[in-house]
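These notes are about the structure you will find just below.
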Amino acid sequence: MRTTLLLIAMMTATLALGTVTKESTVKRLDGSAIAAAEIDATVTRLMRAAEVTGVSIAILNDGKIAYLKSYGVADKEKSLPLTEDSVMTAASFTKVAFGYLVMQLVDEKIIDLDQPVYKYLPKPLAEYGEYKDLANDPRATRITARMLLSHTSGFPNWRAFEADRKLKIHFEPGSKYAYSGEGIVLLQLVVETITKSPLAELMEKHVFKPLGMTRTSMVWEDRFDSNYANGYDEYGRSLGPQRRKTADAAGSMLTTPRDFARFMLAVMQGEGLRRETRELMLNPQIQIYSKHQFPTLATDTTDANKPIRLSYGLGWGLYWTPYGKAFFKEGHDEGWRNYTVCFDKSKLGIVIMTNSSNGEGIFKELLETLIRNTSTPIEWEGYTPYSQLPPRKPLKERKEVVIDSKLLDRYVGRYGEPPNLILTIKREGDHLSIQENDEPKQELFAESESKFFSKLNDDELTFQVDPQGRATAMVLHVDGKDIPIKRID
């Protein structure tokens with residue numbers, strides 16, 4: 001176990017943080033109550049067992065925040081506790097915040113859910129560099145905002161997962177569900193075009209500021225430096241914070257547990273939306289029969305989720321329980337695992353935010369113990385409980401070597417397929433660094449003259465050089481795959 005005595009002590013110490021006392025109780029779905037002390041004991045026990053670095057829990061009762069507390073650490077190296085105001089990566093929580101903006105534009109009749117989105121653009125969709133791959137597919141002209149929000153566009157989650165890394169439509173738009181970040185990014189293009197405003201400004205004006213989300217942004221801001229969390233991988237290695245520079249409707253939002261709890265209260269109450277628009281947002285658009293949510297284009301189907309009527313609304317997953325309709329959203333990124341679900345009739349819900357890749361392993365027990373929610377489609381979500389996971393693979397042993405700086409310099413440059421993928425290689429003294437688009441920079445260390453590795457994960461890359469010694473490409477070795485990437489300049 002990598003959990004240290006320091007981490008255990010930090011978790012215990014941070015029990016005092018938050019807005020509740022140990023005498024407080026919280027109402028659960030079945031009408032029972034759970035004491036704050038039992039919540040504390042449950043969360044800390046699960047964190048230790050599953051090796052989760054930090055967790056924030058918000059429980060909503062009767063349209064109010066009944067419980068808000070953070071556990072564990074934001075920075076293990078500096079022994080800094082995670083707090084309710086620590087800035088964390090929202091990951092795909094971003095999609096529902098963006099969806100809320102879109103529904104406001106629907107309210108204002110700025111966008112029509114059923115108008116093909118290409119009609120909002122001043123030039124054909126395929127003339128935008130990111131969408132040139134769709135030039136010969138007439139199905140692109142049938143994609144609407146309704147399809148993009150309900151994940152029925154036919155797009156993959158990301159084109160980077162395709163063998164040729166080209167964007168494709170895999171089925172008739174509107175015919176079935178397949179989660180897609182690509183679809184949300186296309187809708188971002190449409191929204192920014194219609195409003196003539198950048199997304200970061202739109203979100204601040206229409207969502208964050210009106211809802212009192214004072215420490216939330218679509219991009220990193222210097223003011224976050226005073227209190228932010230690092231993400232941690234399965235082995236407890238720090239991945240740092242995500243200092244995003246470009247607003248991405250699919251996943252760039254940075255927020256705090258307190259701010260996102262405020263957002264969920266706003267969704268519960270329909271703040272900023274007409275009642276009819278809120279109901280439409282949380283109304284099923286497509287029933288879901290896929291056996292698992294990911295991989296998104298897998299063909300395996302099941303009737304297992306028919307009893308809960310698993311489906312998707314506009315931006316939100318939906319299911320039905322003895323306690324009424326529930327709407328939910330996940331957030332998943334390396335070092336960050338988040339989940340929220342709310343029950344519309346009882347106005348009861350929970351927000352779970354973690355800065356650990358091990359976070360999903362405790363979701364099932366947290367949901368069942370803290371709010372008595374036993375209806376979550378855990379298998380479909382892929383949330384295998386930590387106690388059922390296979391043993392973690394041992395870390396690969398690496399032997400770092402020192403190579404001449406002139407050899408390092410020949411690898412410096414940009415690689416990829418603009419504008420969607422740009423990998424920038426720089427020399428950092430006696431080693432290299434790699435940065436994907438505007439993601440955090442990662443250090444690379446030499447294992448040989450051409451092969452490099454990261455100390456933060458198992459990724460490797462090998463540079464290919466021509467007879468003149470100039471690097472022409474790199475090959476990424478990720479998850480057992482070899483991915484060739486050409487040099488740009």
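Here, each number is a calculation from the coordinates, and none is a lab measurement. Keep in mind that what you see is a predicted model, and the values were worked out from it rather than measured. A quick note on method: Cβ atoms are made from the backbone with ideal geometry, for glycine too, and the neighbour counts reach across all protein chains shown.
Annotations
- The string of couplings for segment 149-156 from the Karplus curve (6.51, -1.76, 1.60, θ = phi - 60°) is 6, 9, 6, 10, 6, x, 6, x Hz, one whole number per residue in order, with x for Gly and Pro.
- Counting only the Cα atoms, segment 255-341 fills a convex hull of 120 Å³ per residue.
- 31 Å Cα-Cα threshold exceeded, pairs from Lys441/Lys481; Lys95/Lys347; Lys78/Lys291: Lys78/Lys291
- Residue-by-residue Karplus 3J(HN,Hα) for segment 78-90, coefficients 6.51, -1.76, 1.60, Hz, glycine and proline x: 9, 6, 9, x, 6, 10, 5, 10, 6, 6, 10, 6, 6
- Spatial separation of Cα centroids for segment 36-66 and segment 328-402, in angstrom: 13
- Here Ile403 and Lys205 are evaluated by their C-beta separation; at R0 = 56 Å the FRET efficiency comes out at 0.65.
- Here is the tail figure for segment 385-430: Cα pairs spaced more than 13 Å apart come to 72 percent of all pairs.
- Multiplying the residue separation of Trp320 and Asp114 by 0.36 nm and subtracting their alpha-carbon distance yields 71.5 nm.
- Contact order normalised by residue count of segment 158-244, Cα under 8 Å, 6+ apart, percent: 15
- Scaled radius of gyration (Cα, divided by 2.2 N^0.38 Å) that segment 291-390 gives: 1.05
- Over the chain, relative contact order from alpha-carbon pairs under 8 Å, at least 6 apart, %: 15
- Each residue of the chain gets 150 Å³ once the volume of the Cα convex hull is shared out per residue.
- Each of Thr321, Phe294, Asn305 was scored by the projection of its Cα onto the charge dipole of segment 281-338, and the greatest displacement toward the positive side belongs to Thr321; charges sit on the C-beta of Lys, Arg, Asp and Glu.
- Taking the convex hull of Cα positions in segment 348-436, its mean projected area over all directions (nm²): 10.3
- Convex hull volume per residue for segment 166-260, taking Cα atoms only, in Å³: 171
- Label-point separation in nm, Lys396 to Arg139, each point 7 Å along Cα→Cβ: 3.6
- The calculated 222 nm mean residue ellipticity attributable to helices in the chain amounts to -6000 deg cm²/dmol, summing -39500 (n - 2.57) over DSSP H runs of n ≥ 4 and dividing by all residues.
- Segment 415-489 shape via C-alpha gyration tensor axes, a/c threshold 1.5: rounded
- Between Asp62 and Ala126, the modelled labels are 6.0 nm apart [label points 7 Å from Cα along Cα→Cβ].
- For the peptides 178-190, 122-134, residues were scored by their other Cβ atoms within 10 Å and the scores averaged per peptide; the highest-first order is 178-190, 122-134.
- Here the gap between Gln464 and Ile378, fully extended at 0.36 nm per residue and compared with their Cα-Cα distance, gives a gain of 26.6 nm.
- Database remark: amide H of Leu80 closer than 5 angstrom to the amide H of Ala74, Asp75 (H placed geometrically; neighbours at sequence offset of 5 or more, or on other chains; Pro and chain starts carry no H).
- Highest-first arrangement of 394-401, 93-100, where packing means the average Cβ count within 10 Å: 93-100, 394-401
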